[in-house]
Amino acid sequence: MFNNLDKNRKIALILAVLLFGFNQSGVNLDDLKDLVKTPDEVKTPDELPKPLEADITLTAPLTELFVKDKVMAMECAYFYMSFADVVTRNPRNFLQNNADFKVYNETALDMMYENSNLKGSIPGLGEKIDEILASRMGLNPEDKVDHKTLGALLYAIGWTAYNAF
């Protein structure tokens with residue numbers, strides 16, 4: 001059933017389940033309702049602005065990986081652009097530090113590609129994305145998350161995936 005959902009609904013469902021999980025850990029979901037955009041606020045990747053040059057430079061090495069699998073590149077584009085939007089618009093600070101982000105990121109990716117033939121279709125992609133994220137965020141689990149910076153970098157990953165073709 002999960003594999004029959006279109007990619008936008010799948011991403012929304014994954015993020016909703018993760019937010020529910022955070023609710024179980026003490027985050028009030030009512031406080032997060034402004035994270036959800038209405039359909040008229042959603043833009044297609046062709047309408048979205050170019051990321052910052054520094055972020056494009058950092059994510060540029062991903063292009064050589066994304067060109068290996070267009071389907072996976074498009075899945076990553078939509079996933080990371082959606083993920084960037086949620087992280088950037090995080091006014092209730094449900095992601096406090098790098099440890100929270102690591103859990104959220106791993107869980108979202110596991111759910112996104114569960115039972116998918118895309119998982120692992122581009123060897124080294126996950127490791128390269130982790131390396132890029134760590135280079136900007138640092139490796140200390142207790143470091144606070146800068147939502148704007150992290151969101152911009154996640155957006156750049158999605159933009160790079162989308163523009164690989």
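Here are the numbers for this structure:
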read-out	value
Sequence-distant residues sharing a close amide H with residue 145 (under 5 Å, placed H)	97, 98
Ranking by accessible area, most exposed first, for 63, 88 with a 1.4 Å probe	88, 63
Accessible area expressed per residue, segment 53-165, with surrounding protein chains retained (probe 1.4 Å, Å²)	47 Å²
Peptide ranges 141-150, 95-104, 113-122 listed from the most packed, as the mean C-beta count within 10 angstrom indicates	95-104, 141-150, 113-122
Carbon + sulfur, % of accessible area of segment 45-152 - ligands and nucleic acids excluded, 1.4 Å	54 percent
Rg/Rh ratio calculated on Cα atoms of segment 94-165 (Kirkwood radius)	0.97
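The values are calculated or read from the model by the stated rules, or taken from the named source; none is laboratory data. Not measured: the values here are computed from a predicted model. Cβ atoms come from the backbone with ideal geometry, glycine included; neighbour counts cover every protein chain shown. With ligands, DNA and RNA removed, areas are computed over all heavy atoms of the protein, side chains included. Shrake-Rupley method; radii C 1.70, N 1.55, O 1.52, S 1.80 Å.
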